[in-house]
Every structure is written in structure tokens, then in C-alpha cells.
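Data first, discussion second: the structure below is written as C-alpha cells.
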Amino acid sequence: MSVRRKIGGGKSVTKPGPGARSAGGRSARSGTRTVTAGAKPVHRATAARATAAPRRRPENNAALIARAALLVERLEREYPEAHCSLTHENPFQLVIATILSAQCTDARVNQVVPALFARFPDAAAFAAADLEAVETLIRSTGFYHNKAKNIIGCSQALIAHHGGEVPADLNALVALPGVGRKTANVVLGNAFGIPGVVVDTHVGRLTQRLRLTSNQDPNKIEQDLMQVIPRAKWTLLAHLLIEHGRQVCQARTPHCAECVLRDLCPSSAV
């Protein structure tokens, strides 16, 4: 219902009465409407529903395993040369390089290790090394004090318990100072050919976006991936995801339009 009344100049206006509908389609009494200049008003809730991504059906385990296989297959075609990018000549050097790679790029580690290994070529040399001398050589990798302590402690443990050799055993590796499951799996997979799932920042980020895991903890992510990725692909998986994370699926600006996994990725923006 509306009421007409005159105002100055003889013009009449229509004032919405109680319960009348406004131009935005809501009661004038409520005063809740959205007005967009030059366009038909759209209520906020309606706009949100229109722009929301379509809901996906829950994925059962068989479907997840099948999708994971396709993801790996496509990444293998996209990055046929994917491999461990840390410079090393033997298992011991790989242990040290991986310790240095924490919170540091592989490129920076590769700049540091030639001089480091020239000065300290094996576990015996590092075990007897002066802490400050090691710190000086690795300073540019960051957290150099803790890394130097771990490298020397790891080398001393290898001399004391393993004859200076790196053991090809997960439990023995994680018992070494500075060696966690990530480092252990890097060494097992790339130095000894024993499959292991490596979870670094790239792997964690991409597997969450790909909905291969819902966990944040690296150890839980590792266990989730072991359930859906064939064992023969465990070591390769990290290399593939690291390459894809660096080149396409970057942390701040993922390039979804260029991604070979966009139709398989629940987080894709295209």
C-alpha cells in the first residue's frame, strides 16, 4: 500500500506504506537491500551463491587413488627430467646438503657445498671440525648456528655408531642429530633407491590444494600420501611436486590457467 502527498511546487511523490516492497525487493520497513549503480540490485546472499564454486561430490578412496594416479602421470609427462636438485656425490654429502636446505633454497645450498665439502670431505673431517669454521662456510643458508651444530653432531654420531657411513635405514637415520623424516626419506630415496615420501613446503601446499590430504602436519601428510600413491612413485612424487610448485602452483599466485592438473584439482580457479 502507498500514500500520495504533495510537496512544494505541486509535485506529488509516492511514499511506501507499511509492508510495501522497495526497489530492491525487500520490505521498506527492514531497510536491508543492495543497490548497484547502473545495474539491477542484487542481494548480497544471492551474489555470494552465484559466485560460489560448485560443490563436488564426496570422493571415495577408490576415486581418490585413481585421480592421484592421473596426477602423477600428467606431472611425469610435464617434468620428465625431475630429480633431486641438491648437489651431492655420495649419501653423506646428501645428508649434509639436506640439513642445509631447511628454510633455504636448493640453489643457495648448491652454491655453498663445493667449498664446504672441499674443506670437510667426510664424516671424520666434520666430526673434528671447529664450530665457527663450519658456521662461516654455511652462513648464507640461514640458521647457520643450529645447522653447524647438527652437522657436526650428525658426523660424530656416524663415526661413533656407523663407522662413518650413512645407514640405509629410516629409524637409524632419524636418530642422527638434525635428521628428521624428510631428510631421511630424501637420503633413502635418492642415495639408496629405497622409496620414501618427502614432505617439504611445496609438497605440503600442493597436496592440500589437490585434496590428497587434509592434514597440516608433515608426518600425517606423508602417511596420507603413502595410502594413495603407488610405492614405486614415492620418491619421484616430491621431485614432480617441487617442480610444479616452483613453476606453476606458487604459494601466493598459482597460475591455474597454465596448470596441466586444472581439471583434476578441486582448488583450481578455472
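Listed values, structure above:
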| quantity | calculated |
| --- | --- |
| Single unsatisfied condition, Asn171 versus (1) assigned to a helix (DSSP H, G or I); (2) of a type outside the set (Val, Ile, Thr); (3) in contact with a Gly (Cβ under 6 Å, 6 or more places away or on another chain); (4) surrounded by fewer than 19 Cβ atoms within 10 Å (Cβ to Cβ) | (3) |
| Those residues of the range 211-260 which are of a type in the set (Ser, Thr, Tyr) and in a helix (DSSP H, G or I), in sequence order | Thr235 |
| Qualifying residue in the range 170-187 (condition: among the β-branched types (Val, Ile, Thr), within 30 Å of Ala66 (Cα to Cα), at pLDDT 95 or above and in the same structural domain as Arg252 (by TED's automatic domain parsing)) | no |
| Residue count, the range 222-248 (criterion: under 23 Å from Ala63 (Cα atoms) and within 15 Å of the chain's Cα centre (by Cα)) | 8 |
| Which listed residue is in a loop (DSSP other than H, G, I, E, B), under 24 Å from Val203 (Cα atoms) and not assigned by TED's automatic domain parsing to the domain that holds Thr207, from Ala97, Ala107, Ala102 | Ala102 |
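The values are calculated or read from the model by the stated rules, or taken from the named source; none is laboratory data. All of these numbers come straight from a predicted model, not from anything done at the bench. So basically every Cβ, Gly included, is an ideal-geometry build from the backbone, and we count neighbours across all protein chains shown.
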